[in-house]
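In what follows, a structure is listed as structure tokens, so that the remarks can point back to it.
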Amino acid sequence: MTMLGAQLTTSPDSQPGSPRHPETSALRDNAVTTTSTAVESISSASEQALASITSHMEHLEASVAAAVSQAESTQWIGANADRFRTAAQEFHSSMTAGQQATTDAFASFQASVAAMNDTLSTYVQQLSGALTAAQEAAAQMAAAVDGQRANLDQVMNAGLTVG
């Protein structure tokens, strides 16, 4: 049966997510948590990767330094000794360049993560503003339903008056 104006006994405002029960706060909280977790995860993984790479490079450098030290403590002379020492110096130079490249790359990556964090913070602020506006619109929708209910109640229970 159709009612005057609207059949409000099954109106959409009685369910979660409806104009009377908007889930904007949960969405806002979820967006903040999700973006924060993403940035923290990426930053943490980057720090762990840098630590692991640096540790392996230091271990390799220490192993070669021990071999060089052992060679220096002996009385090794000749072409092979010279070639060994030259190669050890080249190894050290290469490792230093590798360590610098690693440091530079991860510093650049961390700067990118910081920029991403700034972008996501701006996004969360924009989303929060949009959700606040959506919540206000939902309140207006609920007020319209309440107004219609009041009108129907007046008509159905008090009757119409002609002025």
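A few notes on this one:
- Against the list (1) in contact with a helix residue (DSSP H, G or I) (Cβ under 8 Å, 6 or more places away or on another chain); (2) open to solvent by 60 Å² or more (accessible area, probe 1.4 Å), the condition N157 fails is (1).
- The sole residue among L50, L27 that is aliphatic (A, V, I, L, M), assigned to a helix (DSSP H, G or I), within 22 Å of S121 (Cβ to Cβ) and more than 14 Å from the chain's Cα centre (by Cα) is L27.
- For the criterion of being open to solvent by 50 Å² or more (accessible area, probe 1.4 Å), in a helix (DSSP H, G or I) and modelled with pLDDT under 90, L60 fails.
- Residue within segment 81-89 that is under 30 Å from E47 (Cα atoms) and open to solvent by 70 Å² or more (accessible area, probe 1.4 Å) present: yes
- In segment 142-160, the residues that are in contact (Cβ under 8 Å) with a residue 12 or more places away in the chain form Cβ pairs under 7 Å with partners that are outside any helix (DSSP H, G or I) and surrounded by fewer than 11 Cβ atoms within 10 Å (Cβ to Cβ), at six or more places apart or across chains, as follows: L152/L4; V155/L4.
- Qualifying positions in segment 67-98 - of a type in the set (F, W, Y) and over 46 Å from the mean Cα position of the chain (by Cα): W76, F84
- Residue within segment 92-111 that is out of contact with any Lys or Arg (no Cβ under 9 Å at 6 or more places or on another chain), under 19 Å from A31 (Cβ atoms) and buried (at least 16 other Cβ atoms within 10 Å of the Cβ) present: no
- Meets criteria (loosely packed, with under 12 Cβ neighbours inside 10 Å, of a type in the set (A, V, I, L, M) and modelled with pLDDT of 90 or more) for A67: no
- Pairs, first in contact (Cβ under 8 Å) with a residue 60 or more places away in the chain and open to solvent by less than 60 Å² (accessible area, probe 1.4 Å) in segment 27-54, second of a type in the set (G, A, S) and part of a helix (DSSP H, G or I), C-beta under 7 Å, six or more apart: R28/S128
The values are calculated or read from the model by the stated rules, or taken from the named source; none is laboratory data. These figures come from a predicted structure and were not determined experimentally. Reconstructed Cβ throughout: ideal geometry from the backbone, glycine too, with neighbour counts over all protein chains shown. Heavy atoms of the whole protein, side chains included, go into the accessibility calculation; ligands, DNA and RNA do not. Shrake-Rupley method; radii C 1.70, N 1.55, O 1.52, S 1.80 Å.
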